[in-house]
1. To make sure I understand, if each residue's beta carbon is the centre and we count other beta carbons within 10 Å, what order do Phe306, Phe15 fall in, fewest to most?
2. Amide H to amide H, which residues 5 or more places from Thr6 or on other chains are under 5 Å from it, using H placed in the peptide plane?
3. In whole Hz and in residue order, list the ³J(HN,Hα) couplings for the range 375-381 that follow from phi through the Karplus curve 6.51 cos²θ - 1.76 cosθ + 1.60, θ = phi - 60°; x for Gly and Pro.
4. Between the alpha-carbon centers of the range 117-159 and the range 1-65, tell me the distance in whole angstrom.
5. Given Lys74/Lys456; Lys280/Lys380; Lys141/Lys321; Lys44/Lys141; Lys4/Lys456, which pairs have Cα atoms separated by over 26 Å?
6. Sort Ile183, Ile62 by Cβ crowding within 10 Å, fewest neighbours at the top.
7. So what is the relative contact order for the chain, in percent, with contacts set as C-alpha pairs under 8 Å and at least six apart?
8. Which of rounded, prolate, oblate describes the range 266-419, given a ≥ b ≥ c as roots of the alpha-carbon gyration tensor eigenvalues and a/c under 1.5 marking rounded, otherwise prolate only if a/b is larger than b/c?
Amino acid sequence: MNSKKTILITVFHSFISKNILDTDVFKDLRQSDLNILLVVPNPKKNFYEMTYGGDNVCVIGINSTKLLNSKKTKFFSRLAYLLQFSHYLNYKKIERKNAKGNKIIKSIRYCFEVLATGLLAGKRPVRFLMRYFFMLGQSQKEIIGLFQSSSPAIVFSTDIFDESDVLIAREAKKRGIPTVGMIRSWDNCYSKGIMRVVPDWLIVNNETLKEEVVCMHDVNPQDVFIAGLPQFDRFVNEPRSTRQEFCQKVGLDANRPFVVIAPAGKILSDTDWQIADMLKRAKIDGRLPKIQFLIRNHPNHPADFFNFENDLDFVIENPGKVFNQNNPKETELTSLDSKHLADTLYHSSLLIYTATTLGLDALVFNKPQIIIDFDGYEKKDYWHSVSRYHDEEHMKKMIACGGVRVVSSESELVGTVREYLSDPNLDQMGRNKMLRQQLFKLDGQSGKRIVNFIKKKTR
């Protein structure tokens, strides 16, 4: 690297490629007067070098697994979760209590967690003390060496709640290096515990997230910048493939409508295949017209469709580049994956999903949406049902807009699909409200806003 200032960018979550590196954020930073240092997990170093390397881009791999095995790191990580009360963290406690293992120990642990959260959560002085003592911790040698060798002028933490990002942001703060953080996903404020390192400035997607970080994570409102979602700039600015081209590529009939199904995935549900089966039976017996279905699995936790008897009207896709067959979370989404997703939603008639951000993607193209709020042919108690996901705070806010239908039975599902196919303009006012709440602006300029903000803070 030359004498130009260096920006250190963290890339530890597989969605950072989609969110940042394949957007105008990275494109414009490469064209700026900054050197770029991408810090990535060791196993993916070659991938990032080949995909994103260049004259002013250096890629450094670190052993993130080793960093996170520290007892002190694990302690503060657990404490951050105990200091926050949310619907998501509540049912995670219940899941751990009901998991396999010694029931007495798990019950004692559950009681302790509930008591600790009840006594400590929601108290600003407690959060302050947690951050104070966390900052006193000694950084690992690998992180110290990273800063000594690179001397960044600014650190851009693309996922401020990520465990590796937290450790890097802490070291930056210790050294007095400016930090810009970003909220990776819409649920993070409620699902990732209390923010352990508050960056100097925080970039968020919308006004809702700004309110959450200010009220729940003690971020100064003057230090929050609302930018929108840069990954959607491409959706707006790029030309889309023709319907004929797209359908030929995926094996669908261009002359018939198709519906996109986004399963919850095997980590969240074991009944995704039953929803597909219901739709298949409804199509066969005439309750639905002769439509087609494209099932787009979540790249990090695909659904199990082994029990689903497929036919030609169902196409199942597994997006992304898999690095480890034993760990789907290491799947990376490429630029072509993002383009394909945009084409998929653009040409689709509606989206059916459970607990996924794909609803935001579909919102860009104003597509009707159906949320699955039941467990296929099975009757599960609330704490094992997909219904619990839709009571999470971020989902409730979006559902309250009235732009998405929540269905609780097979008959509701089939009937709502028919309604939307017949009139795609149903619930349009609600979708408009959802767009304003979640996407801020669809002007194709979110990436440029972020870069201009970062460059301003680097001067």
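No value in this document is a laboratory result; all are computed from the given coordinates. The structure presented is a predicted model; accordingly, all values stated were derived computationally and were not measured. When we count neighbours, we look across all protein chains shown, and the Cβ atoms used for this are built from the backbone with ideal geometry, even at glycine.
1. Phe306, Phe15
2. Sorted by chain and number, the residues that satisfy this are Asn35, Ala153, Ile154.
3. Once rounded to whole Hz, the list reads 10, x, 7, 9, 10, 10, 5.
4. The distance from the Cα centre of the range 117-159 to that of the range 1-65 comes to 21 Å.
5. Flagged as over cut-off: Lys74/Lys456; Lys141/Lys321.
6. Ile62, Ile183
7. Averaging sequence separation for qualifying contacts and normalising by length gives 16 percent for the chain.
8. Verdict is rounded for the range 266-419.
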